[in-house]
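Worksheet: one structure, shown below.
The values are calculated or read from the model by the stated rules, or taken from the named source; none is laboratory data. Just so we're clear, the structure is a prediction, and the values are computed from it rather than from any experiment. Reconstructed Cβ throughout: ideal geometry from the backbone, glycine too, with neighbour counts over all protein chains shown. For the accessible areas, the whole protein counts, side chains as well, though only heavy atoms, and no ligand, DNA or RNA atoms are used. Shrake-Rupley method; radii C 1.70, N 1.55, O 1.52, S 1.80 Å.
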Amino acid sequence: MNKGRKNNLLTALFKGYLLQCGICSGIIVVIFGLLGIVLQQVLSRYIPQYYLVYRSLYLGIAGVIVWAVCITVLTWQLLKKVVAYVDELQEAAGKLFDEKVDYIELSPELGEIAVKINRLKQEAENNARLAKENEQCKNDLILYLAHDLKTPLSSVTG
């Protein structure tokens, strides 16, 4: 691939990941912010002397834990998707020299790579066919040369 050209697949995956992380973080901040406000109202109404700072701190710790779990799940999903693409490419590479497979199909995200792999497969098959034809021509040439050498020798010895 060209160095000046961006990898569209990786860029799209990473942008989607960042968007999901941002949405998840925003939802968690809003939910725990509203929960903090509700708890403050409820606790100040029914419990006259409570430690608001400590309660907010506990709620913040719970929010950070939920956020960390969400980011971990999103990261796991991203890595699983990337590994699936690598597995798909590995399987396609295994089919590259398989004569039973005419065309290698990959997921739509890997379409550009599929075209290049199929072009490489076709070129390898053409090269193998040309090598076989050249081998046959060489064998025919050796056969004709042997015959041409044998005929004068047999007439000299005969």
Name the aspartates and glutamates eligible as straight-distance cross-link partners of K81: C-alpha to C-alpha under 16 Å, and not fewer than 8 places from it in the same chain. E91, E109
Using R₀ = 22 Å, calculate the FRET efficiency as 1/(1 + (r/R₀)^6) where r is the Cβ-Cβ separation of E112 and C21; round to 0.05. 0.20
If V64, V42 are ordered by their accessible area, calculated over protein heavy atoms with a 1.4 Å probe, which sequence runs from highest to lowest? V64, V42
How would L110, L43 rank on accessible area, largest to smallest, probe 1.4 Å? L43, L110
Descending accessible area (1.4 Å probe), largest on the left, turns E88, E112 into E112, E88
Accessible surface of the stretch 71-154, 1.4 Å probe, proportion on carbon and sulfur as whole %: 62 percent
